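These notes concern the structure reproduced below.
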């Protein structure tokens, strides 16, 4: 799919990997729809994009909120071609810690935002994509979800986060199969540790051991590298139903 003039929804698009993805795809001529809860950051993102873009305050866990966001995107740009799910949270918590068992509501919150929120947005985006006229290879849309290397080698305290991201990995192929006849591709990126504002604010004492786990190159990933991979997935029609680790060959140690 040629990204130029295509309508792209990015959840969590007001910060981190989502923000840089919005910026890079806008430079390539895409029309950007930012789904986020942070209205100030979302509008600031719209202001810096050199192209057509809107911000919609959306709670990815709420069906009505996402439906309204999809409707706003279609009212503004006519349709949806690409959905990139970057929204998520990563709180830690041991199964049994100093204060006893992990609170069930904390586990549920992570699953609700990371997993159910991802599915909630992609299902409604796919419904709209199915209405598009077919392009090359009969393609009508592209969905890119964000997992994590924690889906494969989660650390101590990452039970909830790893479970949510492993589920995103697990649903990649069946959803790709579900949507194949509609001409919609589904891919997942599993990033390693990236140079986001959260990581930039951490001390060298925390950062250095993490960098040592990365094989090559010996650094954190750059958000632009995530965005570049997302752009390549959109442009390569034969990428479908697969999970790509983007991690410098990191394999996370228990701690």
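The values are calculated or read from the model by the stated rules, or taken from the named source; none is laboratory data. Small disclaimer: the values here were computed from a predicted structure and weren't measured. So basically every Cβ, Gly included, is an ideal-geometry build from the backbone, and we count neighbours across all protein chains shown.
Annotations
- Of all the residues in region 24-52, those that are within 18 Å of the chain's Cα centre (by Cα) and closer than 23 Å to residue 233 by Cβ number 11.
- Test: residue in region 92-100 that is touching a residue at least 24 places away in the same chain (Cβ under 8 Å), surrounded by 15 or more Cβ atoms within 10 Å (Cβ to Cβ) and touching a strand residue (DSSP E or B) at 6+ places or on another chain (Cβ under 8 Å): no
- Hey, residue 89 in contact with a helix residue (DSSP H, G or I) (Cβ under 8 Å, 6 or more places away or on another chain) and either over 22 Å from residue 164 (Cα atoms) or free of Cβ contacts under 8 Å to residues at least 12 places away in the same chain (or both) or not: no
- Filter result (in contact with a helix residue (DSSP H, G or I) (Cβ under 9 Å, 6 or more places away or on another chain) and in a helix (DSSP H, G or I)) within region 207-224: 207, 210, 223, 224
- All conditions but one from (1) over 14 Å from residue 245 (Cα atoms); (2) touching a residue at least 40 places away in the same chain (Cβ under 8 Å) apply to residue 144; the one that does not is (1).
- Boolean, residue 253 is surrounded by fewer than 14 Cβ atoms within 10 Å (Cβ to Cβ), without any contact (Cβ under 8 Å) to a residue 12 or more places away in the chain and either farther than 22 Å from residue 32 by Cβ or under 20 Å from the mean Cα position of the chain (by Cα) (or both): no
- Residues satisfying the criterion are absent from region 193-200 (criterion: crowded, with 19+ Cβ neighbours inside 10 Å, part of a helix (DSSP H, G or I) and touching a residue at least 12 places away in the same chain (Cβ under 8 Å)).
- Region 226-252, residues that are under 16 Å from residue 190 (Cβ atoms), touching a helix residue (DSSP H, G or I) at 6+ places or on another chain (Cβ under 9 Å) and not in a loop (DSSP other than H, G, I, E, B): 226, 227, 228, 230, 243, 244, 245, 246
- Helices (runs of 4 or more DSSP H) lying entirely in region 14-94 (those with 1 or more residues that are within 18 Å of residue 223 (Cβ to Cβ)): 16-27, 39-48
- Taking (1) surrounded by fewer than 16 Cβ atoms within 10 Å (Cβ to Cβ); (2) closer than 17 Å to residue 162 by Cα; (3) touching a helix residue (DSSP H, G or I) at 6+ places or on another chain (Cβ under 6 Å) in turn, residue 105 satisfies each apart from (3).
- Number of residues in region 167-176 that are free of Cβ contacts under 8 Å to residues at least 24 places away in the same chain and either outside any helix (DSSP H, G or I) or surrounded by 14 or more Cβ atoms within 10 Å (Cβ to Cβ) (or both): the value is 1.
- Annotation: residue 179 fulfils all but one of (1) more than 16 Å from the chain's Cα centre (by Cα); (2) in contact (Cβ under 8 Å) with a residue 60 or more places away in the chain; the unmet one is (2).
- Filter pass, residue 58 being at pLDDT 95 or above, over 15 Å from residue 127 (Cα atoms) and either surrounded by fewer than 18 Cβ atoms within 10 Å (Cβ to Cβ) or in contact with a helix residue (DSSP H, G or I) (Cβ under 7 Å, 6 or more places away or on another chain) (or both): yes
- Pairs, first on the phi > 0 side of the Ramachandran plot and at pLDDT 95 or above in region 2-13, second part of a loop (DSSP other than H, G, I, E, B) and surrounded by fewer than 24 Cβ atoms within 10 Å (Cβ to Cβ), C-beta under 7 Å, six or more apart: 5/29
- Of all residues in region 90-106, at least one satisfies being under 14 Å from the mean Cα position of the chain (by Cα) and at pLDDT below 95.
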